[in-house]
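Here the structure is laid out as structure tokens; the discussion comes afterwards.
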Amino acid sequence: MDGHLGMRKISSHCSISEMDDFDLSRLLDKPRLNIERQRSFDERSLSELSIGLARAGLENYDTYSPGGRSGFNTPASSTRNSFEPHPMVADAWESLRKSLVYFRGQPVGTIAAVDHQSEEVLNYDQVFVRDFVPSALAFLMNGEPDIVKNFLLKTLHLQGWEKRVDRFKLGEGVMPASFKVLHDPIRKTDTLIADFGESAIGRVAPVDSGFWWIILLRAYTKSTGDLSLAESSSCQKGMKLILTLCLSEGFDTFPTLLCADGCCMVDRRMGIYGYPIEIQALFFMALRSALSMLKQDDAEGKECVERIVKRLHALSYHMRSYFWLDFQQLNDIYRYKTEEYSHTAVNKFNVIPDSIPDWVFEFMPTRGGYFIGNVSPARMDFRWFALGNCVAILSSLATPEQSMAIMDLIEARWDELVGEMPLKISYPAIESHEWRIVTGCDPKNTRWSYHNGGSWPVLLWLVTAACIKTGRPQIARRAIELAESRLLKDGWPEYYDGKLGRYIGKQARKYQTWSIAGYLVAKMMLEDPSHLGMISLEEDKQMKPVIKRSSSWTC
């Protein structure tokens, strides 16, 4: 297979200017949000970070990718020659290209896994929206944007289909969880078949697909400088349809999104029903990404932007105030009074202090903090969820102080959250009677396996991006070295089991595409931190939280 698929190299050093450090109060007066091929604030910051990395002794690079871009070396203490590419990189690119799916001769995505040892195919031969994101970033960083453009257009086309589960019609803006291409060699035709949840295990429609689609559209725009795709009427309509589903007014008194179990990466029953952190962080990031691309040349566009701006203010305040947990806040909740009434209530969700699980008190370091898994009436899910916290950093849902506190927590609880294979999708595992109730006795989600405390290599790219943004590349470097000691040898598994992530998952597929792509993206971001600009948003100075409960952020 041709390594470049006949695609031209396009610089990734262009950006959506102004909007990465935007002032929400100015947006409503602008007739159009300009997207220019200029170096924006976040890229200037990342260029300075690159210099900082070099001064830290991390300047030695090696060439590794098919496109001739540079890779990051192992430490000088390594027995491998400092200019010799890591053997995993070539294998990763070869495996990633083998996973490509073609529709009428054009690559439109990557399948979930190329595991020839598994007897059951299930839906691992499909292109998942969420799974393709790290693959897309890898291709963008390698100067191959056409694959990503094709994917964006095909999924946008599928969004327009009528979506029914049994006799019930889904919302117009719902994006598919996945799709596959059926090839008819006799008629020489290709047919797209999409899954909006009607075939999924548990029959749950994906809430995250639409958010990832918007985030990826922005990444494509920043990487290529190609404004035409985002400005096209079809993409403008697609974004508005997704956001209309989320911004509609109803009975909810919270700015967060009410979601069912199984609506995101945690796609089985795991007790995340309510307002899971992963969805709220992705929602926030998608709203900010859409702001940089939506036109305001008509009343509909202006109204959509106004609604986004109002929601962002409310959502950021809510998340930073009520989902954030550190030592001081934990102590405050521990001393909560209950049955409080009126606007003066401190314990607004009527959380019973006795419901705080014992493990939290030992887990919480003096310095550090994180966004907890869920907050709703009389319930706080204190579990750590990696994806939501990493996205909170990348989207600047977390303040700079909170972002640093999350990094402090990862360092302080390295064995629990990273162990021998990055990275725990959630912590801690639920077990015994609680496991039976919460998971419905799901045999795949037994303790320290799969979504229940399993270790997922795909999360490597997210934690690396978060580390670079917070100026802590040494954490990412340590995590990547752990992955390099096992991943290739183990055949790129989907996930690992055990408290430390020592064992290949009992039902894990081999040659899982997003495990492969996540590793490549992490390597390329460490090599060239400016790549982070396509997936990172700088802090909005207008959304500073009024929170006086914690001092650990600035310790």
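Some observations on this one:
- Remark: the range 140-152, residue by residue, has Karplus-estimated 3J(HN,Hα) of 5, 5, 9, x, 10, x, 4, 4, 5, 4, 4, 4, 4 Hz, where x stands for each Gly or Pro and the curve is 6.51 cos²θ - 1.76 cosθ + 1.60 at θ = phi - 60°.
- Backbone geometry of the range 394-400 corresponds, through the Karplus equation with coefficients 6.51, -1.76 and 1.60 at θ = phi - 60°, to 3J(HN,Hα) couplings of 5, 8, 6, 4, 7, 5, x Hz, x marking Gly and Pro.
- Residues whose amide H comes within less than 5 Å of that of A429, counting only those at least five positions distant or on another chain, are W448 (H built at 1.01 Å from N in the peptide plane).
- The distance separating the Cα centre of the range 351-414 from that of the range 200-240 comes to 28 Å.
- Diffusion coefficient (Stokes-Einstein, Kirkwood radius over C-alpha pairs, 4 °C, 1.567 mPa s) for the range 93-532: 58 µm²/s, rounded to a whole number.
- Peptides 268-278, 311-321, ordered by how many other C-beta atoms sit within 10 Å of their residues on average, highest first, read 268-278, 311-321.
- Amide H contacts under 5 Å for Y511, placed H, 5+ residues apart: W492
- Backbone phi angles across the range 166-171, fed through the Karplus curve with coefficients 6.51, -1.76 and 1.60 (θ = phi - 60°), yield HN-Hα couplings of 6, 10, 9, 9, 7, x Hz in residue order; Gly and Pro are listed as x.
- Measuring against 29 Å, Cα to Cα, the residue pairs K240/K444; K154/K499; K222/K523; K163/K469; K310/K424 contain K240/K444; K154/K499; K163/K469; K310/K424 as the ones spanning a longer distance.
- A Cα-only calculation for the range 174-263 places Rg and Dmax at 16.5, 56 Å.
- Relative packing of 88-100, 218-230, which averages over residues the other C-beta atoms within 10 Å, highest first: 218-230, 88-100
- Counting only protein heavy atoms and a 1.4 Å probe, the range 93-532 has 37 square angstrom of accessible area per residue.
- Span from the the range 127-153 Cα centroid across to the the range 480-535 one, whole angstrom: 17
- Summary of packing: across the peptides 404-417, 162-175, the per-residue average of other C-beta atoms within 10 Å ranks them, highest first, as 404-417, 162-175.
- Summed residue charge, Cβ within 9 Å of R268's Cβ, Lys/Arg positive, Asp/Glu negative: -1
The values are calculated or read from the model by the stated rules, or taken from the named source; none is laboratory data. Computed from a predicted structure; not experimentally measured. Virtual Cβ from ideal backbone geometry, glycine too; neighbours counted across all protein chains shown. Heavy atoms of the whole protein, side chains included, go into the accessibility calculation; ligands, DNA and RNA do not. Shrake-Rupley method; radii C 1.70, N 1.55, O 1.52, S 1.80 Å.
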